[in-house]
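Accompanying notes for the structure given below.
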């Protein structure tokens, strides 16, 4: 009995630190990340033409995660993880940001409790009419709809995949861009940030993936948003400057310190420029709140 007790105590002594490190602990940030808002705003003004009048979205599907998978130390209770695609509407064109994933990749089950085929069909149709298509990053739930598009070659003139995104096929898996369709495609290359369209700026934010980027949007009415992609899954990460747990970041292959530096910079931005609204990649509460404020609208224009 004493031997069993000793073994149990040893296992407990070994297990608790491992549990804490893998599930509970989020280190303090020690990586600097700069968000130069005056420069971002200047770039948004640098291209001539009208700015977008609307930010619209299609809610294509939901994952089901435990909150403890979203942020280290959070409870082990289920929470929906919505997957969105975004459409910037101009008077004469549209821009698509992120393309969700097709039903064959999603494979609806307990961990994918909702899949909206109509929303996905709207996204596929909208991509064919878009002047520009960009991705916040190269994971399957953001690139999958693009990879599965039946007329991918027709989309290439509008597509602005970055060099880092195209060079990370492992990060896209199980989605994959057909090699034959992509033959000769020239990816987008830029340093730091660049103006994509009037009122729209791409901002490199590697860490979650090598090709992660934030999309700044200044609407025609002057209101501003940052589409964060999966730099942050939900606002709680930014509010508390707490990373996903180590077991999740290890599965993703994420650079925790790069991401924590981005969290710290975004947290500081919420204090210094609260008028700039942050849109994490999978936060239904934030989307509903910003929809109620008139900053975004459900349903793509076709």
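The values are calculated or read from the model by the stated rules, or taken from the named source; none is laboratory data. Being a predicted model, the structure only gives us computed values, none of them experimental. Quick reminder, even Gly has a Cβ in these numbers, built from the backbone with ideal geometry, and neighbours come from all protein chains shown.
So the values come out like this:
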| read-out | value |
| --- | --- |
| Test: residue in segment 253-276 that is at pLDDT 95 or above and under 28 Å from residue 129 (Cβ atoms) | no |
| Failed item, numbered, when residue 162 is tested on (1) surrounded by 17 or more Cβ atoms within 10 Å (Cβ to Cβ); (2) without any contact (Cβ under 8 Å) to a residue 60 or more places away in the chain; (3) under 21 Å from residue 261 (Cβ atoms); (4) out of contact with any strand residue (DSSP E or B) (no Cβ under 7 Å at 6 or more places or on another chain) | (4) |
| Helices (runs of 4 or more DSSP H) completely within segment 122-176 that count 3 or more residues being closer than 18 Å to residue 58 by Cβ and at pLDDT 95 or above | 140-147 |
| Residue count, segment 205-230 (criterion: on the phi > 0 side of the Ramachandran plot and either touching a strand residue (DSSP E or B) at 6+ places or on another chain (Cβ under 8 Å) or not in a loop (DSSP other than H, G, I, E, B) (or both)) | 1 |
| Evaluation of residue 273 against (1) at negative phi; (2) within 18 Å of the chain's Cα centre (by Cα); (3) surrounded by fewer than 18 Cβ atoms within 10 Å (Cβ to Cβ) (one fails), failing number | (2) |
| Odd one out for residue 257, checked against (1) under 23 Å from residue 161 (Cα atoms); (2) part of a helix (DSSP H, G or I) | (1) |
| Hits in segment 66-81 (condition: surrounded by fewer than 19 Cβ atoms within 10 Å (Cβ to Cβ) and touching a residue at least 40 places away in the same chain (Cβ under 8 Å)) | 73, 80 |
| Whichever residue in segment 134-159 is within 17 Å of residue 212 (Cα to Cα) and touching a residue at least 60 places away in the same chain (Cβ under 8 Å) and, among such residues, is surrounded by the fewest Cβ atoms within 10 Å (Cβ to Cβ) | 141 |
| Yes/no for residue 238 being in contact (Cβ under 8 Å) with a residue 40 or more places away in the chain and surrounded by fewer than 20 Cβ atoms within 10 Å (Cβ to Cβ) | no |
| Scope segment 241-251; condition assigned to a helix (DSSP H, G or I) and in contact (Cβ under 8 Å) with a residue 60 or more places away in the chain; matching residues | 246, 247, 248 |
| Test: residue in segment 196-204 that is touching a residue at least 40 places away in the same chain (Cβ under 8 Å), assigned to a loop (DSSP other than H, G, I, E, B) and touching a helix residue (DSSP H, G or I) at 6+ places or on another chain (Cβ under 6 Å) | yes |
| Candidates 253, 281, 222 - the one that is under 28 Å from residue 45 (Cβ atoms) and surrounded by fewer than 16 Cβ atoms within 10 Å (Cβ to Cβ) | 222 |
| Matching residues in segment 168-180 - criterion: being touching a helix residue (DSSP H, G or I) at 6+ places or on another chain (Cβ under 9 Å) and buried (at least 16 other Cβ atoms within 10 Å of the Cβ) | 171, 172, 175, 177 |
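Yes/no per residue for (1) outside any strand (DSSP E or B); (2) at pLDDT below 85; (3) more than 26 Å from residue 217 (Cβ to Cβ):
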{"position": "3", "(1), (2), (3)": "yes, yes, yes"}
{"position": "6", "(1), (2), (3)": "yes, yes, yes"}
{"position": "13", "(1), (2), (3)": "yes, yes, yes"}
{"position": "33", "(1), (2), (3)": "yes, no, no"}
{"position": "39", "(1), (2), (3)": "yes, no, no"}
{"position": "46", "(1), (2), (3)": "yes, no, no"}
{"position": "52", "(1), (2), (3)": "yes, no, no"}
{"position": "64", "(1), (2), (3)": "no, no, yes"}
